[in-house]
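Asker: Submitted below is the structure of interest, expressed as structure tokens.
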Amino acid sequence: MAEIGSDLQKAITLLQSDELVGIPTETVYGLAGNALSTKAIAKIFEAKDRPFFDPLIVHVPSIEAAYQYVTHIPEKALLLANHFWPGPLTLLLPKKLIIPDLATSGLSTVGIRCPQHPLTTQLLKLLPFPLAAPSANPFGYISPTNPQHVNQQLGNRIRYILDGGECNVGLESTIIGFEQDQPIAYRLGGLSIEQLEAIVGKVEIQLNASSNPAAPGQLKSHYAPTKKLIIGDLETLAVAHAHLRVGILAFNRNVSGVEITQQRVLSHSSDLSEAAQHLFAYLRELDQLSVDVILAEEVPPVGLGRAINDRLKRASSQ
Ligand code: TXA
Ligand code: MG
């Protein structure tokens, strides 16, 4: 098992010798390594069993720092960065040579993000290099939202996890790229399209991943528990699966006829940010119960609700 603590100096020493460290962000925990070192980057892919065609996000402490790694920031990208950084927004920007091709899977753009977590901000400011960090879960599994999640799955592969408590957004960053300087969303996430459009105007959405070489990591099946997950009307599904042990992931109320200990409610007050914050932790809990199948329902498709539904669909795809 890895050690969990808040010793920044220890994290720095490990990162400087190309070791990996679990880091907190507002979205999910990251598995971080020196983004300028091919040795550290290779370790990230290896520890996650991640295919090399799936590029990594590079984390920086500020917009000024981002300029060291990209050749150009389109006007609308800068507008977004000014408004939403630090925050759950990743911008795909043309990379400088200093970013190794291994980090971007050979793409000419690099995903850059300035995360919002005091411990990680401090870490990034103290380090002489940016941090490449995918979500700290084995490839394809549910993303971690606290240090214990990271330890359960990668604890035998890394030595240290910085303890930043529970993530307060709970969904990965929204990924925005640019074509002819117009913004395109490649992944829905912790920043809603409505919030983005209020600043920058129309944002096109292009999620269909497998057919879209610009976002090779947006695979149809992702964020998935090991148990089968079915989405639909919970009451109908519960009746249809009455012969099995079911776990329930509901939006805002419990479902009658299923034991309460087998149910998780994302937000009793129908608050989508609260629902987002609980999503991955509850999916994990249900996955660890003795159930045969997890039944879930979609949430209202507005704001963060669209990103929550996107994660549920990918989690249910086998
Ligand atoms: O919130 C987050 O973004 C978290 C925290 C740790 O920052 N990180 C995260 O990383 O979710 P990861 O590796 O699990 O997902 C990053 C996704 C990949 O699936 C990949 O497809 C996409 O970002 N990506 C990264 N660089 C890209 C690029 N140059 N072009 C297209 N997609 C890119
Ligand atoms: Mg991930």
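The values are calculated or read from the model by the stated rules, or taken from the named source; none is laboratory data. Since the structure is predicted, the reported quantities are computational estimates derived from the model, not experimental observations. Cβ: placed from backbone, ideal geometry, glycine included. Neighbour counts: every protein chain shown. Protein only, heavy atoms only, side chains kept; ligands, DNA and RNA dropped before computing areas. Shrake-Rupley method; radii C 1.70, N 1.55, O 1.52, S 1.80 Å.
Asker: From S37, S17, S105, which residue is at pLDDT 95 or above, of a type outside the set (K, R) and on the phi > 0 side of the Ramachandran plot?
Answerer: Just a single option satisfies the conditions, and that option is S105.
Asker: Within 15 Å of ligand 2 (Cβ to nearest atom), within 20 Å of R311 (Cα to Cα) and either modelled with pLDDT under 95 or in a loop (DSSP other than H, G, I, E, B) (or both): does that describe P115?
Answerer: On the way: within 15 Å of ligand 2 (Cβ to nearest atom): yes; within 20 Å of R311 (Cα to Cα): no; either modelled with pLDDT under 95 or in a loop (DSSP other than H, G, I, E, B) (or both): yes.
Considered against the rule, which asks whether it is within 15 Å of ligand 2 (Cβ to nearest atom), within 20 Å of R311 (Cα to Cα) and either modelled with pLDDT under 95 or in a loop (DSSP other than H, G, I, E, B) (or both), P115 comes out as no.
Asker: Taking the conditions exactly as written (within 8 Å of ligand 1 (Cβ to nearest atom) and more than 15 Å from the chain's Cα centre (by Cα)), does L154 satisfy them or not?
Answerer: On the way: within 8 Å of ligand 1 (Cβ to nearest atom): no; more than 15 Å from the chain's Cα centre (by Cα): yes.
So L154 fails the test.
Asker: Do we find that A32 is under 17 Å from Q116 (Cα atoms) and among the aliphatic types (A, V, I, L, M) in this structure?
Answerer: The answer is yes for A32.
Asker: While we're here: Those residues that are charged (D, E, K, R) and open to solvent by less than 10 Å² (accessible area, probe 1.4 Å), I need them from segment 1-53; list them, please.
Answerer: Hits for segment 1-53 are E26, K48.
Asker: A follow-up question, please. Looking only at segment 87-98, decide whether some residue is of a type in the set (G, A, S) and within 16 Å of ligand 2 (Cβ to nearest atom).
Answerer: Of segment 87-98, the ones of a type in the set (G, A, S) are 87.
Going one step further and asking which of them are within 16 Å of ligand 2 (Cβ to nearest atom), we end up with none.
No - not one qualifying residue is present in segment 87-98.
Asker: Take the residues in segment 93-106 that are open to solvent by less than 50 Å² (accessible area, probe 1.4 Å) and assigned to a loop (DSSP other than H, G, I, E, B), then tell me which one is nearest to T38 (Cα to Cα). If you could, list the steps in order and put the result at the bottom.
Answerer: Initial filter on segment 93-106 (open to solvent by less than 50 Å² (accessible area, probe 1.4 Å)): 93-95, 99-100, 103-105.
Next cut, assigned to a loop (DSSP other than H, G, I, E, B) only: 99-100, 105.
On the way: I99: 9, P100: 7, S105: 12 Å.
Only one residue tops the list, namely P100.
Asker: Hey, another quick one. Filter segment 301-318 down to the residues that are under 25 Å from A240 (Cβ atoms), open to solvent by 30 Å² or more (accessible area, probe 1.4 Å) and touching a residue at least 24 places away in the same chain (Cβ under 8 Å) and list them by number.
Answerer: Correct list: K313, S316, Q318.
Asker: Return yes when L80 is under 28 Å from Q182 (Cα atoms), open to solvent by less than 10 Å² (accessible area, probe 1.4 Å) and in contact (Cβ under 8 Å) with a residue 12 or more places away in the chain and no when it is not.
Answerer: Yes.
Asker: Sort out which residues of segment 10-56 are in contact with a His (Cβ under 6 Å, 6 or more places away or on another chain) and assigned to a strand (DSSP E or B), and write them in order of number.
Answerer: none
Conditions tested, residue by residue: (1) at pLDDT 95 or above; (2) in a helix (DSSP H, G or I); (3) in contact with a His (Cβ under 8 Å, 6 or more places away or on another chain); (4) within 23 Å of L171 (Cβ to Cβ).
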position: V58; (1), (2), (3), (4): yes, no, no, yes
position: E64; (1), (2), (3), (4): yes, yes, no, no
position: K76; (1), (2), (3), (4): yes, yes, no, yes
position: V110; (1), (2), (3), (4): yes, no, no, yes
position: T120; (1), (2), (3), (4): yes, yes, yes, yes
position: P128; (1), (2), (3), (4): yes, no, no, no
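Asker: Something else: Which residue is least open to solvent (accessible area, probe 1.4 Å), if the candidates are limited to segment 240-281 and must be among the basic types (K, R) and either under 20 Å from P144 (Cβ atoms) or in contact with an Asp or Glu (Cβ under 8 Å, 6 or more places away or on another chain) (or both)?
Answerer: R264
Asker: Still on this structure, please answer the following. Need a quick list: helices (runs of 4 or more DSSP H) entirely within segment 210-318 having at least 1 residues that are over 21 Å from the mean Cα position of the chain (by Cα).
Answerer: Answer list for segment 210-318: 234-240.
Asker: Limited to segment 170-190, what total is found for residues that are out of contact with any strand residue (DSSP E or B) (no Cβ under 7 Å at 6 or more places or on another chain) and within 14 Å of ligand 2 (Cβ to nearest atom)?
Answerer: Qualifying residue count for the region: 2.
For (1) in contact (Cβ under 8 Å) with a residue 60 or more places away in the chain; (2) closer than 21 Å to D181 by Cβ, each residue gets a yes or a no:
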residue: F52; (1), (2): no, no
residue: A66; (1), (2): no, yes
residue: W85; (1), (2): no, yes
residue: I112; (1), (2): no, yes
residue: L127; (1), (2): yes, no
residue: P134; (1), (2): yes, no
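Asker: Which of the residues spanning segment 287-300 are open to solvent by 20 Å² or more (accessible area, probe 1.4 Å) and over 19 Å from K220 (Cα atoms)? I'd like the intermediate steps shown before the answer.
Answerer: At the first step, the residues of segment 287-300 found to be open to solvent by 20 Å² or more (accessible area, probe 1.4 Å) are 288-290, 292, 297-298, 300.
Correct list: Q288, L289, S290, D292, P300.
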